[in-house]
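One structure is given here, and the rest of the page talks about it.
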Amino acid sequence: MSRTRPINCIIPPYILDKLLESPDRDVRQAALDTMLTTARLRGERMVRASIAGATATPGDGRRTIFDCDEGVTLSRANLVRTEDGPESADTAVDKAFEGLGLTRDFYRQVFQRDSIDDQGMRLDGYVHFDVQFNNAFWDGQQMIFGDGDGTEFSNLAGSLDVIGHELTHGVTENTAGLEYHNQSGALNESMSDVFGSLVKQWSLKQKAEEADWKIGAEVWTPGIAGDALRSLKEPGHAYDNPQFGKDPQPDRMSRFIHLPDTPRGDSGGVHLNSGIPNKAFYLTAVGIGGFAWEGAGHIWYDALRASSADTGFQDFADTTYQKAGDLFGAGSPEQAAVLAAWAGVEIQISGVPKARTFPVNGNGRVGREDGIAALSRQLGELNAKVAALAKDLATIKTNR
């Protein structure tokens, strides 16, 4: 059964639910207003998506920013910046403009992708949406940014990884079309976290070991340093504070969270269970080393394009293993890193027995053997980076 694509919001419902419990009346009201507006927008998108022939507007990826001036009707927003226009005196306008451009350029330069739909789709952004709106989202045609309530959220246009996250929902919709519920929905969210993080790393020219691997740190709880909405490196440890409690994301399959496939149930826990493939990507990236978009990023991007609407964790893991072999060679360190990473989140690649780890020479480096007669080969000696990954996985097992 076909499911209508929802609007894709950066802030999950369980965060807004926590805000409804705040002792601050203004914070509670902002959360309630955000939830009501989001529900209305979801209904509007269902109507729009049902209209046959509705397509995105081509335009060589050109950016246009509009100011909603705290309104909610996009058609009444004022044009405030164009691709050829000057900078604005409004920080939110310029941050949105810059973030759209960096995300567009990342996909163009790294993956030779022509905007979100690979056909030059123009990028429209709307800032100052609604009053104290605690969210940012991609609605299938444009980016919308709320200003936040000023207490738990600052202006959502201020985070590059949030912008990269949301635009990647558009990429996913125009490639695999991952259905937004249960495991396929969690993969959908994970793809946005992965490539949102990579956009930021690419813009800063950070290697995998240098990145913070956090999502939304700049706009989430501005009064609390060091936390974020999610962490790819440590799902379940992005935040821990009195306002919101402890980050509930799982980091392995034995901790998978089963929730109802409803809006209040986060469509089956899509923002929660995304922590599992997020962790697998992080482990792959640090296992390969260097710039994450060059190795792990290409593997994940090719796997995304090869996936379908109902792809789950197991199928996606198997596809990344295959794509790592296609891109870097069967038995390559990159493919071995993918194998070890998914094992680290308790997903075994289909048809590949659990790898045996053993020293292969006198310097203590580590190799892995896949043992499959049909393949008639071994996964060769891992490089020093994969040896470091093995130590990381051993630490994870010790801390269980």
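Just the number, please: Stokes-Einstein D of the range 1-174 in µm²/s, Kirkwood Rh from C-alpha pairs, 10 °C, 1.306 mPa s.
D, rounded to a whole number, is 96 µm²/s.
Strictly over 30 Å apart at the Cα level, which of K279/K354; K207/K323; K246/K354 would you flag in this model? Spell out each step's value before the answer.
Values: K279/K354 19 Å; K207/K323 22 Å; K246/K354 33 Å.
From the list (K279/K354; K207/K323; K246/K354), the Cα-Cα distance tops 30 Å for K246/K354.
Return the sequence-ordered ³J(HN,Hα) values of the range 268-275 in whole Hz as given by the Karplus equation 6.51 cos²θ - 1.76 cosθ + 1.60 applied to θ = phi - 60°, using x for Gly and Pro.
x, x, 5, 7, 8, 6, 4, x
Report the net charge of residues surrounding F106, where surrounding means a beta-carbon distance below 13 angstrom and charges are Lys +1, Arg +1, Asp -1, Glu -1.
Numbers: positive: R104, R108, R113, K200, K205; negative: E98, D105, D114, D161, E294.
Net of charged neighbours comes to 0.
If neighbour count is taken as other Cβ atoms inside 10 Å, put C68, C9 in order from fewest to most.
Details: C68 21, C9 25.
Ascending number of Cβ neighbours within 10 Å: C68, C9.
Distance check, please: which entries in K18/K200; K200/K233; K95/K233 exceed 21 angstrom between their Cα atoms? Mind dumping the intermediate values first?
Values: K18/K200 28 Å; K200/K233 15 Å; K95/K233 26 Å.
Exceeds cut-off: K18/K200; K95/K233.
Report the calculated FRET efficiency for V72 and E21 (r = Cβ-Cβ distance, R0 = 30 Å), to the nearest 0.05. Before the final figure, lay out the partial values.
On the way: r = 25 Å, r/R0 = 0.84.
About 0.75, to the nearest 0.05.
What is the sum of charges around N241, taking Lys and Arg as +1, Asp and Glu as -1, for the other residues whose C-beta is under 11 Å from the C-beta of N241? Walk me through the intermediate numbers first.
Numbers: positive: K18, K246; negative: E152, D227, D240, D247.
Charge balance near N241 sits at -2.
If each residue's Cβ is checked for other Cβ atoms within 10 Å, how do I10, I347 rank with the fewest at the top? Intermediate values should be presented prior to the final figure.
Details: I10 32, I347 19.
With the fewest neighbours first, I10, I347 line up as I347, I10.
Can you sort K205, K323 so the residue with the fewest Cβ neighbours within 10 Å comes first?
Values: K205 8, K323 22.
Ranked by crowding around the Cβ, least crowded first: K205, K323.
The numbers here are math on the coordinates, done by the rules we state, and not lab data. No experiment lies behind these values; they were computed from the predicted model shown. Here Cβ is always computed from backbone atoms with ideal geometry, including for glycine, and neighbour counts include all displayed protein chains.
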